[in-house]
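Step one of this worksheet: look at the structure below.
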Amino acid sequence: MTKTEATTAPRPEDRSADNDPAELIGNLARAGRAAQSRLARLSGPEKAHALQLAASRLRESEEEILAANVRDVDAAREAGLSGALLDRLTLDSARIEGIASAVEAVAVLPDPVGQKIDRTERPNGLVLERVRVPIGLLGIIYESRPNVTADAAALCVRAGNAVLLRGGSEAVHSNRAIHAAMVSGLAEGGVPADAVQLIPTQDRAAVGAMLAAAGLIDMIVPRGGKSLVARVQADARVPVLAHLDGICHTYVHNAADPAMARKIAYNAKLRRTGICGAMETLLLDAQFPDSAALVGDLLDGGCEVRGDARAQSLDSRITAASPQDWDTEYLEAVLSVAVVDGLDNAVDHIAAHSSGHTDVIVTEDAAAAEEFLAVVDSAIVMVNASSQFADGGEFGLGAEIGIATGRLHARGPVALEGLTTYKWLVRGGGQIRP
């Protein structure tokens with residue numbers, strides 16, 4: 001396939017004259033599936049080279065991307081978006097460099113396509129292998145964060161998948177600028193332009209059309225707020241890989257090192273409050289000796305703290321928590337705090353209120369740590385570390401599509417392996433079944 005062939009496919013506006021959302025999505029999906037069949041023929045080094053070129057285009061397009069982002073941020077500020085959402089939306093030179101570096105990090109990861117999962121030989125001589133293959137055409141629906149445009153494109157291309165991207169209206173100009181830069185570099189590297197398509201409309205009906213596109217889109221990945229994900233899960237006729245809330249807990253055990261606990265709790269909540277790995281509930285063991293100082297650090301750092309009766313006794317600035325607080329993903333500088341009587345009480349609280357995203361214990365007691373790891377049923381369970389490490393890049397996976405909290409197909413940070421499935425290869429020597 002030549003570079004010219006990769007860039008001469010008809011554009012979205014040529015495919016749907018009447019702007020009917022179902023027709024538009026159908027045409028884009030069919031173009032994406034055709035592109036995916038060509039993308040699947042590229043070697044690992046060819047895909048890696050195309051991603052390196054895309055990263056270079058992102059850096060070269062910094063001025064255009066930042067100008068587009070200013071339009072989005074100004075509109076978002078006028079619309080009254082929260083500080084946490086504005087933080088997710090805002091780009092600067094350092095963040096663009098981070099986006100480009102994340103694309104490069106994906107480029108150098110081992111190509112999952114064709115990896116052998118296992119091999120067995122049957123008594124009759126048949127040799128069976130399972131190998132990783134692309135899923136096909138993915139639909140990714142996301143809000144606020146324009147970096148998802150590049151992350152999703154890079155991961156999908158590296159795993160041999162085509163993708164339809166539908167970003168939120170608050171980041172529309174940023175997404176278009178990042179997408180244009182990415183596709184320019186990918187196409188120069190031989191990746192079909194239609195392998196990475198950005199839905200050219202913000203009409204909500206286009207999301208409905210994506211969710212109904214069974215047989216055209218192979219998997220939907222929603223990445224955004226609770227209402228978006230709930231709608232996708234309720235309406236989709238296409239398999240969905242998703243999580244709802246990031247209600248992440250940190251339990252400070254009675255054997256926690258006080259200095260470590262204070263440092264971890266502060267970072268888990270206040271490093272960045274608007275990410276899904278931010279701590280939303282702090283559980284303090286009744287026997288932990290430094291609870292007042294730990295909570296004081298958070299209050300002094302500008303965090304609003306809502307607590308149960310025992311937590312309120314630690315500091316007069318703590319207000320009363322409502323029953324809803326234990327089930328709330330704040331995504332801002334607000335924290336719920338409960339005092340618990342031991343490990344079992346903490347685990348029970350987590351089981352009742354965790355969203356299954358990331359839960360942490362801080363302790364110097366190895367037995368307590370291992371018990372916590374064994375019994376807490378979340379996608380990510382940590383010992384003596386900030387929950388803000390719940391990130392594909394921090395796990396060494398490069399960029400991520402998101403954190404999956406279900407139990408099927410993929411769980412935790414979804415990166416290259418989570419964007420593949422497998423097929424069986426069976427090699428015989430003339431065997432017939434008796």
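A few comments on the model shown:
- Residues of region 174-206 satisfying the condition of being part of a helix (DSSP H, G or I) and within 22 Å of ARG33 (Cβ to Cβ): HIS179, MET182, VAL183, LEU186, ALA187, ALA193, ASP194, ALA195, ALA205, ALA206
- Top-ranked residue in region 316-351 [being more than 12 Å from LEU284 (Cβ to Cβ), free of Cβ contacts under 8 Å to residues at least 60 places away in the same chain and in a loop (DSSP other than H, G, I, E, B); ranked as farthest from the chain's Cα centre (by Cα)]: SER316
- From the options GLY398, GLY356, GLY393, residue that is touching an Asp or Glu at 6+ places or on another chain (Cβ under 9 Å) and at negative phi: GLY393
- As a summary of the residue check, ASP348 satisfies the conditions (1) of a type in the set (D, E, K, R); (2) at pLDDT below 95; (3) not assigned by TED's automatic domain parsing to the domain that holds GLY114 except for the one numbered (2).
- Restricting region 370-411 to residues that are buried (at least 16 other Cβ atoms within 10 Å of the Cβ) and free of Cβ contacts under 8 Å to residues at least 24 places away in the same chain, the residue that is nearest to LEU165 (Cα to Cα): GLY392
- Total residues in region 168-182 satisfying the condition of being under 28 Å from GLY44 (Cβ atoms), under 21 Å from the mean Cα position of the chain (by Cα) and not polar (S, T, N, Q): the figure is 3.
- Filter pass, HIS179 being in contact with an Asp or Glu (Cβ under 7 Å, 6 or more places away or on another chain), over 18 Å from THR421 (Cα atoms) and at pLDDT 95 or above: no
- Condition check for VAL163: surrounded by fewer than 24 Cβ atoms within 10 Å (Cβ to Cβ) and either aliphatic (A, V, I, L, M) or not in a helix (DSSP H, G or I) (or both): no
- Only one entry in VAL221, VAL238 is of a type in the set (A, V, I, L, M), in contact (Cβ under 8 Å) with a residue 60 or more places away in the chain and not in a loop (DSSP other than H, G, I, E, B), namely VAL221.
- Residue check, ALA150 surrounded by 15 or more Cβ atoms within 10 Å (Cβ to Cβ) and small (Gly, Ala, Ser): yes
- In region 169-179, the residue that is nearest to ALA68 (Cα to Cα) out of those that are surrounded by fewer than 24 Cβ atoms within 10 Å (Cβ to Cβ) and touching a strand residue (DSSP E or B) at 6+ places or on another chain (Cβ under 9 Å) is ARG176.
- For region 3-26, the set of residues classified as part of a loop (DSSP other than H, G, I, E, B) and either modelled with pLDDT of 50 or more or outside the structural domain of GLY208 (by TED's automatic domain parsing) (or both) consists of ASP18, ASN19, ASP20, listed by residue number.
- Filter pass, GLY429 being in contact (Cβ under 8 Å) with a residue 24 or more places away in the chain, closer than 23 Å to LYS116 by Cα, more than 18 Å from the chain's Cα centre (by Cα) and assigned to a loop (DSSP other than H, G, I, E, B): yes
- Complete set of residues in region 104-137 that are crowded, with 17+ Cβ neighbours inside 10 Å and either hydrophobic (A, V, I, L, M, F, W, C) or without any contact (Cβ under 8 Å) to a residue 60 or more places away in the chain (or both): GLU104, ALA105, VAL106, ALA107, LEU109, VAL113, VAL131, VAL133, ILE135, LEU137
- Single match in ALA29, ALA54, ALA34, ALA50 (criterion: under 11 Å from ALA213 (Cβ atoms), part of a helix (DSSP H, G or I) and out of contact with any Pro (no Cβ under 7 Å at 6 or more places or on another chain)): ALA29
- Leading residue by the ranking (nearest to VAL252 (Cα to Cα)) among those in region 271-313 that are β-branched (Val, Ile, Thr) and assigned to a loop (DSSP other than H, G, I, E, B): THR273
The values are calculated or read from the model by the stated rules, or taken from the named source; none is laboratory data. Here the structure is a predicted model, which is why all the values come from computation and not from measurement. Cβ coordinates were reconstructed from backbone atoms using ideal geometry, including for glycine residues, and neighbour counts include every protein chain displayed.
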